[in-house]
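Written out below as structure tokens is the structure these notes cover.
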Amino acid sequence: MPVSPPPARGLRAPLVVAAAHLLACAAFLAAFLARRDALPDPVATHFSGSGGADGFTTLGAFPYEMLGMLLVMALLCTGLVTGFLYATRAHRRLVGLGCGLAGLLGAVAVSVVVSNAGAETADAVRLGPGALGVAVAAAAVAAGLGVPAGGRRPAEPRAKPDAAVEPAPRFVLREGESVLWTRRAGSRPMLVGGGSLLAAGAVLIPLAGWAAGLGLALGGVVLCACFAVRVTVDRHGLTVNVLGLPRPRVRIPLDRIAEAGHRDVEPLRDLGGWGYRAVPGRSGFALRSGPAVVVRLTTGSEFVVTVDDAATAAALLDALAERDRTTAGSATDTTAGG
Amino acid sequence: MLVRLDHGSPVPLGDQIAAAVRGAIADAAVLPGERLPAARALADSLGVNVHTVLRGYQRLREEGLIELRRGRGAVVTPDPAAPGRARLTDGVRALVADARALGVSDEELVNLVRGGLAGR
């Protein structure tokens, strides 16, 4: 039996990028706490091309706003590296970009604190080209350290030929019968996570402004939408849509289905993570580990969706696809008008 | 939740839909408090009229198994006893069908049930 690589290897690059961003946050926080008493109120937070201050924030909101910005970038970069862990050949470049951005933003955040410190009023604060040079240098150093630390691109979790798809038991369709199978699918922990992100975003928006909170809130909405879905098998094929909404949805029409079966799926091993995923030769929804409907498409690739009672769904889908194939030639359409 | 509609059966399509949903509630394939598919989506899947699906949902509402709210659609009654109630309703339907098949009159059947209740 082939041994699957430990998941920690696949998570190394995202962890390195996340660590780089957390270091940037820590650097900013340290600089802020050290020089807090020397900062003017309001603080200069935005600078024109010539280096003069042209945007200001009250001292009370300043640390939240900066940390919010840094954390949103941390989430974005870590998400980017995780999402494209297997799907891209530019793995090292992405890790470099993620770490470089951490260095750049960390250095800028510290420079803003340092240049504000000791100023009588925020109008007098200047952020010269020197600070920009330091930031670029920090970015280069962070990227240079991050790329080797991130390691090589992890091995792709390819579709294993020996992974046994259990053929669906026969589902006998009667003449002219209309059939539907539908079930809610999802993951409670992911929904709790999405809800918490949404709540955190909602709290952050009044505290630290739109820019900081909106990213978190949107992330929460996307997470909730991805992990509360309805799976339906009917005369149209296999459909996965956001619970309670007709769209967005993913539909596999019957004429694209070669065969349907079911099998236990492990999200990280089989699809490289959770949510709507694509790896070479396979795509689908990995919402939890356990039974999944596995559809072999006419193109040869696989579509997977984890859902309870996958055996019934697969059996019905197989029978419907077969009926579709046999009636495709003849003009008999047995569906009654809606 | 599996719904099979036999267009040739003497049982009305709405009743067939109600029976399928009732079975799903009884088997906990649909949980108390869970939203059922929208009537329009269900009608489109099955190739029947929306009103046919709504007739089925209305029947389940009369049985106290689901709640129909404007704008929220059909929701399984958020009561942990819902699966048990669905099984009970299923049992009553089976009882009536058995009685009809045996030629037992409605009045006789009611008397039998009353006797069963009295002798508990």
Quiz item: Here are some conditions: (1) open to solvent by 10 Å² or more (accessible area, probe 1.4 Å); (2) more than 28 Å from the chain's Cα centre (by Cα); (3) in contact (Cβ under 8 Å) with a residue 40 or more places away in the chain. A:Glu322 meets all but one. Which one does it not meet?
Solution: (3)
Exercise. Could you please find all residues in the stretch A:164-193 being over 30 Å from A:Gly219 (Cβ atoms) and either free of Cβ contacts under 8 Å to residues at least 12 places away in the same chain or in a strand (DSSP E or B) (or both)?
Key: A:Glu166, A:Pro167, A:Arg174, A:Glu177, A:Ser178, A:Val179, A:Leu180, A:Trp181
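Among A:Ala208, A:Ala199, A:Ala217, which is over 21 Å from the mean Cα position of the chain (by Cα) and of a type in the set (A, V, I, L, M, F, W, C)?
None of the others qualify; the one that does is A:Ala208.
Here is a list: A:Asp318, A:Asp308, A:Asp324. Which entry is at pLDDT below 95, within 22 Å of A:Pro167 (Cβ to Cβ) and assigned to a loop (DSSP other than H, G, I, E, B)?
Working: A:Asp318 fails: assigned to a loop (DSSP other than H, G, I, E, B); A:Asp324 fails: assigned to a loop (DSSP other than H, G, I, E, B).
Sole residue among the options that is at pLDDT below 95, within 22 Å of A:Pro167 (Cβ to Cβ) and assigned to a loop (DSSP other than H, G, I, E, B): A:Asp308.
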Exercise. Could you check, for the stretch B:94-110, whether at least one of its residues is within 30 Å of B:Arg35 (Cβ to Cβ) and in contact (Cβ under 8 Å) with a residue 24 or more places away in the chain?
Key: no
Quiz item: Taking the stretch A:327-338 as the search range and keeping residues that are open to solvent by 70 Å² or more (accessible area, probe 1.4 Å) and among the hydrophobic types (A, V, I, L, M, F, W, C), which one is modelled with the lowest pLDDT?
Solution: A:Ala331
Quiz prompt | Search result, residues across the stretch B:1-40 that are away from chain A (no Cβ under 11 Å), among the aliphatic types (A, V, I, L, M) and part of a helix (DSSP H, G or I) | solution = B:Ala18, B:Ala19, B:Ile25, B:Ala26, B:Ala39
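Results for (1) in contact with a helix residue (DSSP H, G or I) (Cβ under 9 Å, 6 or more places away or on another chain); (2) under 17 Å from A:Val17 (Cα atoms); (3) of a type in the set (D, E, K, R), shown as yes or no for each residue.
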site	(1), (2), (3)
A:Leu39	yes, no, no
A:Asp54	no, no, yes
A:Met73	yes, yes, no
A:His91	yes, yes, no
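Specify the residue that is surrounded by the fewest Cβ atoms within 10 Å (Cβ to Cβ); the eligible residues are those in the stretch A:232-255 that are within 11 Å of chain B (Cβ to nearest Cβ) and in a strand (DSSP E or B).
Among those that are within 11 Å of chain B (Cβ to nearest Cβ) and in a strand (DSSP E or B), it is A:Arg249.
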Quiz item: Filtering the stretch B:80-103 down to residues that are of a type in the set (A, V, I, L, M) and in a loop (DSSP other than H, G, I, E, B), which residue is most open to solvent (accessible area, probe 1.4 Å)?
Solution: B:Leu102
Exercise. Taking A:Ala53 as meeting all but one of (1) within 29 Å of the chain's Cα centre (by Cα); (2) surrounded by 15 or more Cβ atoms within 10 Å (Cβ to Cβ); (3) not aromatic (Phe, Trp, Tyr), write down the number of the exception.
Key: (1)
Quiz item: Name the pairs whose Cβ atoms lie under 8 Å apart, with the first residue in the stretch B:41-69 and within 14 Å of chain A (Cβ to nearest Cβ) and outside any helix (DSSP H, G or I), the second of a type in the set (Phe, Trp, Tyr) and open to solvent by less than 10 Å² (accessible area, probe 1.4 Å), and 6 or more positions between them or separate chains?
Solution: none
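The values are calculated or read from the model by the stated rules, or taken from the named source; none is laboratory data. Because the structure is a prediction, the values reported are computed rather than measured. Cβ atoms come from the backbone with ideal geometry, glycine included; neighbour counts cover every protein chain shown. The accessibility values were calculated without ligands, DNA or RNA, using every heavy atom of the protein model including side chains. Shrake-Rupley method; radii C 1.70, N 1.55, O 1.52, S 1.80 Å.
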